[in-house]
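*Asks:* Sharing a structure, written as structure tokens. Questions coming.
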Amino acid sequence: MSNRNYAIVGTGALGGFYGARLQQAGLEVNFLLRSDYDQVRKHGLIVESPEGDFTLPHVRAYHNTHKMPKCDVVIVALKTTQNHFLPQILPPLLKDNGTVLVLQNGLNVEPEVAKIVGAERVVGGLCFLCSYKVGPGHICHLDYGTITLGEYAQDYKAIGITDRLHQIAKDFKRAHIPIKMSEDLLLSRWKKLVWNIPYNGLSVVLDARTDELMANPDTLILVKEMMREVIAGAKSCDRIIPDDFIPQMLEYTQKMKPYRTSMKIDYDESRPLEVEAIFGNPIRVAQQAGIKLPQIEVVYRMLKFVDVQRQEAEKTRRLLGLS
Ligand SMILES: NC(=O)C1=CN([C@@H]2O[C@H](COP(=O)(O)OP(=O)(O)OC[C@H]3O[C@@H](n4cnc5c(N)ncnc54)[C@H](OP(=O)(O)O)[C@@H]3O)[C@@H](O)[C@H]2O)C=CC1
Ligand SMILES: CC(C)(CO)C(=O)C(=O)O
């Protein structure tokens, strides 16, 4: 049995789900919470899942990083829009030889964390998970769950699969979380963006679920064209995604239960959108290599517009005491 202890920074749809699974498998997991702290401290976590519902009535819940024990593995599961909190959260939580595992969507999230804790402490992970938070401490897992783990090194240099990756993978497998390991984290991040960029973006701009985007011939064309642009973006970083990856992603989505993407859920709930991590960073990275991604850029500008509008409306509602 591993004696590695874990911290979950951001106990929401993703962090709450994987953290609960790790605790259920017997590992020590320390959960950092914000608005859900009181509820989770008193009543623990509830997970509904097609793989079996379960409740953890007692969890190690904290709302202050300084009160948490130092951990071997700190999992970053905040929305990227909240990453400005990481410089305060991470240093007191991490053991001297500890690892930060970044499970967020988007590109260039590891370099952000590396600036705080050092590149040698960072590992990334891409989560193929459909999960959302129903209420405080209550997570609904809809489908999938595989994590692709990859080592991070300065400038996303591919450094292969290390011993610590195997160690972390072992803990997750113990918790029945399917794990793949990537030799090249940057390639894996771009591959994930082949899905996230078209579906997350169009779901918000067009107010549509994945099945609706797939069923309509016009949106299907847009999805495919945006996927081709993501592949061009990856190529600008010398990462080659074969063209047959597009039909694979389309088939994956076709088989998926009708799904409101995570960005659409954020939009519907008036939360800030992960526009910069998922759109802005890939656009800028490609641009630095002299490659333009014009269709992705159109959706990016639209998303920024609707995001600002929503946040302004939300601020007004708060000022009026309406939310
Ligand atoms: N959900 C999914 O199925 C998938 C999500 N992802 C990615 O995973 C990441 C997390 O997404 P998701 O779990 O859906 O998001 P959620 O909004 O469900 O969870 C994030 C949690 O972080 C908490 N939080 C935010 N700021 C702080 C803080 N300063 N201190 C403590 N807790 C904080 C939030 O609490 P509060 O309520 O207080 O704001 C919330 O509970 C994103 O990058 C997303 O794109 C990737 C693949 C699938
Ligand atoms: C691709 C998917 C749906 C997980 O499979 C996802 O990553 C998301 O909603 O952000």
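*Asks:* If I take every Cα pair under 8 Å that is 6 or more residues apart in the chain, average their sequence separation and divide by the length, what percent do I get for the relative contact order? Mind showing how you got there, number by number?
*Replies:* Working: 591 pairs, mean separation 45.3, N = 323.
About 14 percent, as a whole number.
*Asks:* Starting from the alpha-carbon convex hull of the chain, give the projected area averaged over all orientations, in nm².
*Replies:* So the mean shadow area of the Cα hull is 16.0 nm².
*Asks:* Continuing with this model, one more query. Ignoring any ligand, DNA or RNA, what whole percent of the accessible area of segment 219-323 comes from carbon and sulfur when the probe is 1.4 angstrom? Could you put the intermediate results ahead of the total?
*Replies:* Details: 3270 of 5740 Å².
Within segment 219-323, the accessible surface is 57 percent carbon and sulfur.
*Asks:* Measure off, as a whole percent, the carbon and sulfur share of the 1.4 Å-probe accessible area of segment 1-84, all protein chains present.
*Replies:* In segment 1-84, the share of accessible area belonging to carbon and sulfur is 47 percent.
*Asks:* For the chain, what is the accessible area per residue in Å², given a 1.4 Å probe and the full set of protein chains?
*Replies:* Normalised by residue count, the accessible surface of the chain is 45 Å².
*Asks:* Follow-up question, since we're still on this one. At a Cα cut-off below 14 Å, give the aspartates and glutamates reachable from Lys95, other chains included and same-chain residues fewer than 8 away excluded.
*Replies:* Counting by Cα, and skipping residues close in sequence, Lys95 has these aspartates and glutamates nearby: Asp72, Glu120.
*Asks:* Over the heavy atoms of Ser236, what accessible area does a 1.4 Å probe trace out, to the nearest 10 Å²?
*Replies:* Rounded to the nearest 10, that gives 30 Å².
*Asks:* For segment 1-99, which trypsin sites (Lys or Arg not before Pro) are both in a DSSP coil and crowded by at most 15 other Cβ atoms within 10 Å?
*Replies:* Numbers: sites: Arg4, Arg21, Arg34, Arg41, Lys42, Arg60, Lys67, Lys70, Lys79, Lys95; in loops: Arg4, Arg34, Lys70, Lys79.
Passing both the DSSP loop test and the Cβ count: Arg34, Lys70.
*Asks:* A further question on this structure: Give Lys192/Lys257; Lys264/Lys292; Lys191/Lys255 a once-over and call out the pairs whose C-alpha atoms are over 20 Å from each other.
*Replies:* Lys264/Lys292
*Asks:* Measure off 7 Å from each Cα along the Cα-to-Cβ vector at Ser323 and Arg34, then give the distance between these two points in nanometres to one decimal.
*Replies:* Taking the simple label geometry, Ser323 and Arg34 are separated by 1.4 nm.
*Asks:* Please figure out what share of the DSSP beta bridges in the chain is antiparallel and state it in percent, rounded to the nearest 5.
*Replies:* Among the beta bridges of the chain, antiparallel pairing accounts for roughly 35 percent.
*Asks:* Under the rule of at least 5 residues apart or a separate chain, name every residue whose amide H is placed under 5 Å from the amide H of Met181.
*Replies:* It is Leu149, by chain and number.
*Asks:* Something else now. Counting only C-alpha contacts under 8 Å and six or more residues apart, can you give the relative contact order of segment 183-242 as a whole percent?
*Replies:* The normalised contact order for segment 183-242 reaches 44 percent.
*Asks:* Given a Förster radius of 51 Å and the C-beta distance between Glu225 and Gln167 as r, what FRET efficiency does 1/(1 + (r/R0)^6) yield to the nearest 0.05?
*Replies:* 0.80
*Asks:* Sticking with this structure for a sec: Loop-only trypsin sites (Lys or Arg not before Pro) in segment 264-323, please: DSSP not H, G, I, E or B, and at most 15 other Cβ atoms within 10 Å.
*Replies:* Within segment 264-323, the qualifying trypsin sites (Lys or Arg not before Pro) (loop, at most 15 other Cβ atoms within 10 Å) are Lys292.
*Asks:* Based on DSSP H assignment, which helices of the chain show an axial Cα extent of at least 30 Å together with a mean Kyte-Doolittle hydropathy greater than or equal to -1.0?
*Replies:* Going by DSSP H runs, the hits are 294-319.
*Asks:* Describe numerically, in nm with one decimal, the distance between label points set 7 Å from Cα along Cα→Cβ at Glu314 and at His66.
*Replies:* Result: 2.8 nm between the two label points.
*Asks:* Right, here's the next one. If you count the DSSP beta bridges with both ends in segment 1-71, what percent of them are antiparallel, to the nearest 5?
*Replies:* Details: 3 of 11 bridges.
Roughly 25 percent of the DSSP beta bridges within segment 1-71 come out antiparallel.
*Asks:* Could you tell me what percent of the accessible area of segment 94-210 is made up of carbon and sulfur, with a 1.4 Å probe and every protein chain present?
*Replies:* 49
The values are calculated or read from the model by the stated rules, or taken from the named source; none is laboratory data. Owing to the predicted nature of the structure, the values given are computational and were not obtained by experimental measurement. Reconstructed Cβ throughout: ideal geometry from the backbone, glycine too, with neighbour counts over all protein chains shown. These area figures cover heavy atoms from the full protein model, side chains too; ligands, DNA and RNA do not enter into them. Shrake-Rupley method; radii C 1.70, N 1.55, O 1.52, S 1.80 Å.
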